[in-house]
Amino acid sequence: MVGIGAGAVAISHRPKVRALPAMKAAGVTHLVTLLSEREGAVALGDAARVAGLQWIWVDLPNGQQPPPERRPGLVTALTELAGLVQDGARVVIHCSAGIHRTGMFSYALLRACGLDPEAAMSTLARLRAVTAEGIGEQRVSWAEDLAAGTGRDRAIATGYRSP
């Protein structure tokens, strides 16, 4: 986990249901799922709640650019999540493999939390090198667009703590 504001962020591939109680015991407060319904997102969310985690579902069916009509909902999710992290939430963000969707969304979140592009990318690499290596320029561009919509990406990253 990397400290951001009063909270922290971690990224991962899809967690095993049996690992969710250990996440809670380790201090994770929120699980952010970027899976589609057909990938079992709802069942994982139910298991997360049973484990005592707050569950946030951002339905992204794949690592391609979300259609324009999805942008407002994604911007809202990022804005709300950035506020939670800044206020102390300890979140784990995942998709299936934890690379494309997770990279795009996590990078956008780091930007929405006030990190500049270089700091956001280096933080992504510290969080999970394979994600930073696999995100790709196009997904970074999409993430920049989403973060810009939050109005928070230009803020000073007060409270940013490196690991």
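The values are calculated or read from the model by the stated rules, or taken from the named source; none is laboratory data. Keep in mind that this is a model prediction, so the values were computed, not measured. Note: ideal-geometry Cβ built from the backbone for every residue, glycine included; neighbour counts use all protein chains shown.
Filter region 115-139 down to the residues that are surrounded by 20 or more Cβ atoms within 10 Å (Cβ to Cβ), of a type outside the set (A, V, I, L, M) and in contact with a Lys or Arg (Cβ under 9 Å, 6 or more places away or on another chain) and list them by number. Within region 115-139, just 139 meets the criteria.
Looking only at residues that are surrounded by fewer than 24 Cβ atoms within 10 Å (Cβ to Cβ) and of a type in the set (Ser, Thr, Tyr) in region 63-114, which one is farthest from residue 141 (Cα to Cα)? In this case the residue turns out to be 96. Name the residue, out of 148, 120, 89, 129, that is modelled with pLDDT under 95, over 11 Å from the mean Cα position of the chain (by Cα) and among the small types (Gly, Ala, Ser). Selected residue: 148, the only one of 148, 120, 89, 129 that is modelled with pLDDT under 95, over 11 Å from the mean Cα position of the chain (by Cα) and among the small types (Gly, Ala, Ser).
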